[in-house]
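K.L.:
Okay, handing you the structure first.
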Amino acid sequence: MKVINVFSLLNSLVVTLVMLMNSREGSSYFYPIINDKPLILNNCSISIRGKILVVDGGGFRIPLEFRSFREIWIMQNVVVSGDTLHVLAKYGKVVYILGRDGVSSVLLPLSTRWFIRGDIAIAQTKKFLISRIVVGKRIVEGIIRNIKLLLDYLSSKNVLDRDTVSFAKRYVNRALERLDNARNVNDIVSCEAEAWNALYTALSERFSFFEGRIKRPPTDPLNALISYFNSILYGIFIRFILKAGLEPTVSFVHSPYGYKRFALAFDLKDIFAPATSVRHAIMTVNRFYRKGILEESFSSSSRGCYLRDPYRTLVVRRFFENLKRKVKGYSYLTWMYKECIKFREFITGNRTGYDPWLWKGRFPKSRSLESLGDARAYR
C-alpha cells in the first residue's frame, strides 16, 4: 500500500499556487517565490525549522522541504541569518546572492562532494601548457559562430533589419577567417572582439542610447542587462565546472593569471552568451522600448544604470524561464552542464576532439582539431 506524504502534497500545492499568481506580469514583485526550479526568492525572510526552509513574506509563510531544492538564488530584499546559511551549507545547498549588479557571491558548501580530482587538474594544466592556442581557437570559434546565429535570430524577429545584419556578418565572417591564422592568444582574443563589436555596432543602429559595450559601471539599459545576465551565467558555470571536476582557474582564452576570478567559467559561459544572456538582454530591452517603459524600468546616474524593482524581479524570473526552455532536446541549463562534462572528457583524453556547443546546427566535419596545429595535444 502506497503511503501519501501529506506534507509534501500541501507544500507542492502552496508553491504551485504562488507560481500561478506570479505568472501575471507585475504581480511577482509581491510574492516571495519568483521561481521554484531553481528556487529564487525576493521580498522575504528565510529561516530553518528542522529540515524545512520557511519563506516568510508578502503575506505568505511557505514551508519548503530541503529535498525540493538544490540551490537558492537570493535577491536583494531577502533577510537571512548566519545560522540559516550554516544549516543550508551543512545540507549541501548552494546559495547564489543576486545584487544590483548581478551575482555578487556563490556560497559553495564544503560538505558537498565537488568531484575535483588531481588527475584532471594535472591533465588540464598540461593541455594549457601544450595546446592553449589550439583549444582557445576552438572555444572562440564556437563563440563567433553563435554570434552569427544571434544576428540571424535578431533579423528574423525584426529587431535588426536585413541590411544591418548582412553588413555585421561580413565582419563576423572575417573574424572567423582571421582565427585560422591566429598565432597567439592576443590574436585569438582580437578575433572574438571583432565579432562582438560587429554585433554591438549593429545594435547601436537600433538603439540610439547604446554606444557599444561599456562595463563597470554600465551606462545604459542594454549594457546593464548584458552585464546582469552574464554574471548569472558566470555563477551557474562555476557550479557546473566544479561539479564536473574541472579546475576553474585554468582557462584557455581568458588569462588564468591572477587571484580575482575563475577564468574557465568566462571561457565556457561565453559560448552560451549569444543564445542566452545577450539574446535575452536585447529582447528585453526591445520589448521595454516598444512598450514605452524603458526609462521607468532603470535608474541612471553617474554611478551607472541599473534595473529597478519590480522590473528586476520580472526580468530575473523570465531569464530563468528562458534557461529552462529546450533546444535540440535539452534545456539550456542541461546543455551547459553537458558542455563541462564534454570539456572534461576532452581534457582527460577520453574524447579525441572538442566541438563547442552550437545554438543551431553542428560544426563542419572538415574542421578537425588536428588541422588547427599542435598535434602533440592529441597523442
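K.L.:
Which residue, of L149, L160, L154, is out of contact with any Asp or Glu (no Cβ under 7 Å at 6 or more places or on another chain), assigned by TED's automatic domain parsing to the domain that holds L203 and within 30 Å of A244 (Cα to Cα)? Write out each step before concluding.
P.N.:
Numbers: L160 fails: within 30 Å of A244 (Cα to Cα); L154 fails: within 30 Å of A244 (Cα to Cα).
Residue meeting the stated conditions: L149.
K.L.:
Residue check: is L88 part of a helix (DSSP H, G or I), over 19 Å from I238 (Cα atoms) and hydrophobic (A, V, I, L, M, F, W, C)? If you could, list the steps in order and put the result at the bottom.
P.N.:
Values: part of a helix (DSSP H, G or I): yes; over 19 Å from I238 (Cα atoms): no; hydrophobic (A, V, I, L, M, F, W, C): yes.
Spelling it out, it is not the case that L88 is part of a helix (DSSP H, G or I), over 19 Å from I238 (Cα atoms) and hydrophobic (A, V, I, L, M, F, W, C).
K.L.:
How many residues does the range 243-281 contain that are of a type in the set (A, V, I, L, M), under 15 Å from the mean Cα position of the chain (by Cα) and part of a helix (DSSP H, G or I)? Before the answer, list the steps.
P.N.:
Here is the first cut: in the range 243-281, the ones of a type in the set (A, V, I, L, M) are 244, 246, 250, 253, 263-265, 268, 271, 273, 275, 278, 281.
Then drop every residue that is not under 15 Å from the mean Cα position of the chain (by Cα), which leaves 263-265, 268, 271, 273, 275, 278, 281.
Remaining after also requiring part of a helix (DSSP H, G or I): 263-265, 268, 271, 278, 281.
Count: 7.
K.L.:
Let me ask something else about it. All but one of (1) in a helix (DSSP H, G or I); (2) surrounded by 20 or more Cβ atoms within 10 Å (Cβ to Cβ) hold for C305, so report the exception by its number.
P.N.:
(1)
K.L.:
Okay, next question. State whether the residues of the range 204-217 include one that is part of a helix (DSSP H, G or I), touching a Ser or Thr at 6+ places or on another chain (Cβ under 9 Å) and at negative phi. Steps first, answer last, please.
P.N.:
First pass over the range 204-217, keeping only residues part of a helix (DSSP H, G or I): 204-206.
From what is left, the residues that are touching a Ser or Thr at 6+ places or on another chain (Cβ under 9 Å) are 205-206.
Okay, now just the ones that are also at negative phi, so 205-206.
Yes, because at least one residue in the range 204-217 is part of a helix (DSSP H, G or I), touching a Ser or Thr at 6+ places or on another chain (Cβ under 9 Å) and at negative phi.
K.L.:
When you go through S231, S227 one by one, which is the residue that is in contact with a strand residue (DSSP E or B) (Cβ under 7 Å, 6 or more places away or on another chain), buried (at least 22 other Cβ atoms within 10 Å of the Cβ) and not in a loop (DSSP other than H, G, I, E, B)?
P.N.:
Working: S231 fails: buried (at least 22 other Cβ atoms within 10 Å of the Cβ).
Going through S231, S227 in turn, the sole match is S227.
K.L.:
Residues of the range 47-68 being part of a strand (DSSP E or B) and over 27 Å from the mean Cα position of the chain (by Cα), which ones?
P.N.:
First, pick out the residues of the range 47-68 that are part of a strand (DSSP E or B): 47-49, 52-57, 60-65.
Selection gives S47, I48, R49, I52, V54, D56, G57, F60, R61, I62, P63.
K.L.:
Being without any contact (Cβ under 8 Å) to a residue 60 or more places away in the chain and more than 16 Å from the chain's Cα centre (by Cα) is the filter; apply it to the range 302-345 and report the residue that is farthest from A244 (Cα to Cα).
P.N.:
S302
K.L.:
Only residues in the range 233-250 that are within 21 Å of N322 (Cβ to Cβ) count as the first member; pair them with residues that are charged (D, E, K, R) and assigned to a helix (DSSP H, G or I), Cβ under 6 angstrom, at least 6 apart or cross-chain, and list the lot.
P.N.:
L233/K269; Y234/K269; F237/K269
K.L.:
Condition test on N322, is it of a type in the set (S, T, N, Q) and more than 29 Å from V159 (Cβ to Cβ)? Quick ask: steps written out before the conclusion?
P.N.:
Values: of a type in the set (S, T, N, Q): yes; more than 29 Å from V159 (Cβ to Cβ): no.
Criteria not met by N322.
K.L.:
If only one of S255, S277, S190 is modelled with pLDDT under 90 and either out of contact with any Gly (no Cβ under 9 Å at 6 or more places or on another chain) or not polar (S, T, N, Q) (or both), which one is it?
P.N.:
Values: S277 fails: modelled with pLDDT under 90; S190 fails: modelled with pLDDT under 90.
Of the residues listed, the single one that is modelled with pLDDT under 90 and either out of contact with any Gly (no Cβ under 9 Å at 6 or more places or on another chain) or not polar (S, T, N, Q) (or both) is S255.
K.L.:
From the list R170, R206, pick out the single residue that is in the same structural domain as R290 (by TED's automatic domain parsing), crowded, with 16+ Cβ neighbours inside 10 Å and farther than 21 Å from S251 by Cα. Give the steps one after another, and end with the answer.
P.N.:
Numbers: R170 fails: crowded, with 16+ Cβ neighbours inside 10 Å.
Every option except R206 fails the conditions.
K.L.:
Which count do you get for residues in the range 149-187 that are touching a residue at least 40 places away in the same chain (Cβ under 8 Å), in a helix (DSSP H, G or I) and within 24 Å of R287 (Cα to Cα)?
P.N.:
Of the residues in that region, 6 qualify.
The values are calculated or read from the model by the stated rules, or taken from the named source; none is laboratory data. Because the structure is a prediction, the values reported are computed rather than measured. All Cβ positions, glycine included, derive from the backbone under ideal geometry; neighbour counts span all protein chains shown.
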